[in-house]
Amino acid sequence: MQSIGHAELLKGNRNFRQLWFGQVISELGTWFSFIAELGLVQKYSGSSWMTTWLLVARLLPVLIMAPFAGVVVDRYDRRQVMIISDVLRALIALGYLSLGFGAPVWVAVLCSGLMSASNTFFDAAKNASIANMVARHEMLTANVLMFSTRFLQLTLGAALGGLTAAKFGYNAAFVINSLSFLLSAWFIIAIPASAMRRRVEQSGEVQVEAKSNAFLVDVREGFAYIRANRFVRAVIMVNVGWAMGGGMNNLIFDRMSRVEFRNFGGSNGDWAMALLTTAAGAGLFAGMMMARRAGAFAVNDRRAGNYIGWSLLIHGICFAMAGLMPTLWLFSLFVAVSRMILGAEFGVQETLMMRVLPDEYRGRVFTTDRAMELSMMMLATLLAGFLMTKISPRSVMVVSGLLSALPGAVWLTAMWLNRITVPASAFGELKVES
């Protein structure tokens, strides 16, 4: 799979550069805010239940709004959707300040839910637009930049947010977050609306004819396309299958830190949790940076299919093996390796999907994929909580890793039976204007 360098893409493609700059700034602000949100809710409620509701409020709107967001970004001006989302996010970010003026703590939960809903529309428009803003040989590099930046911002933003909140207070983090969204909108305004829409036919294997302008019909057409396209359907099912094990990760990391490694650094598990989070984030970032090399290997349907299957299988086995490691350092090493393999696979998989999907279905397919994956992650978290009442956190981690590896084994078996192939349309180097 042909690709170009990161610097070459940013230097030569102004529209993508504007979008990337906006994401860098807004996501840094988002992680600034996340640390402050948790601290704010704990400060004014003193209840772990309110913190739980805050986290639920960040997840549920994605599941509810994903079908709406998919239709909106496929039907309307994606640039306007992103700008409106940024302005709304800037206003919502200031809503947290109201707690300092006597507003009840549930306002913070409400703001978190509204922020998540706005994020859903912004991300849907951004993901659906990327393939139209770059040439086909630039898609892998574009995905690597977008997602590696997100993983890096997760680590840096959370750390800087914690320092900012500690030194200047929570309100400073919320104001910075609000300004970051306005700056993101300023970058996006400079992108022509036409750059975010298809300009060259990018045919997938299956076309589903539109029959009506009705919203529910648009939703059904999105599902019809997924059902009709074997490769797209297979990728979504693999992602959902991965979430069956991968959705346990956050709870596993917390329990391993608080139970198995709670004495590390003498901090009752805080340092252990920080090390595990850093290891996972660093692994994902490193994997995304390796995705271009992986793409150079995946030059045809057989190689690309084998790469997806074997990567998922091996990454799950590495994660399961982490649960058997006697020390935190070895544990973290296996987590990092597992996440590195997963990050590289995701970069290649996402690029193949972008190349195959017709522009008029891209928003609906990506939001459906994300919503189904998050739904499974919620169920997996509940399952992990139940399992931990019966077996040790280490055993749950082994179960999680094996469940994460299972989709890779199923994918490879389906390839062997000729039930799954990567479409030829994913490999041609058809040019699209930059």
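Every number here is computed from the coordinates shown, using simple stated rules; none is lab data. Predicted model only: the values in this text are computed from it and were never measured. Cβ: placed from backbone, ideal geometry, glycine included. Neighbour counts: every protein chain shown.
Which order do M372, M397, M378 fall in if you start with the one that has the fewest other Cβ atoms within 10 Å?
Values: M372 18, M397 29, M378 15.
Ranked by crowding around the Cβ, least crowded first: M378, M372, M397.
Under a model in which nothing but the beta-carbon of Lys, Arg (+1) and Asp, Glu (-1) is charged, the range 208-428 shows a dipole of about 320 debye around its Cα centre.
I'd like the FRET efficiency for A296 and M378, computed as 1/(1 + (r/R0)^6) with the beta carbon distance as r and R0 of 30 Å, rounded to 0.05. List each step's numbers first, then the result.
Numbers: r = 36 Å, r/R0 = 1.22.
So the FRET efficiency works out to roughly 0.25.
Using the Cβ-Cβ distance between A409 and A7 with R0 set to 30 Å, the FRET efficiency from 1/(1 + (r/R0)^6) comes to roughly 0.20. Which one is right for this structure if semi-axes √(5λ) of the Cα gyration tensor in Å is calculated from it: (1) 30, 28, 22; (2) 37, 28, 22; (3) 33, 28, 20? It is the one labelled (3). With the simple spin-label model, which puts each label point 7 Å out from Cα in the Cβ direction, the F386 to I64 separation comes to 2.6 nm. Within the listed set N229, N171, N263, the Gaussian network model of the chain (springs between alpha-carbon atoms below 10 Å) gives the highest mean-square fluctuation for N263.
Please compute the length gained on full extension between A424 and R233, using 0.36 nm multiplied by the number of residues separating them and subtracting their Cα-Cα distance.
Values: separation 191, 0.36 × 191 = 68.76 nm, distance 1.62 nm.
Between A424 and R233, full extension yields 67.1 nm more.
Among 343-349, 222-228, how do they line up by average Cβ neighbours within 10 Å per residue, starting with the highest?
Numbers: 343-349: 24.6, 222-228: 17.4.
With the highest mean Cβ count within 10 Å placed first, the list reads 343-349, 222-228.
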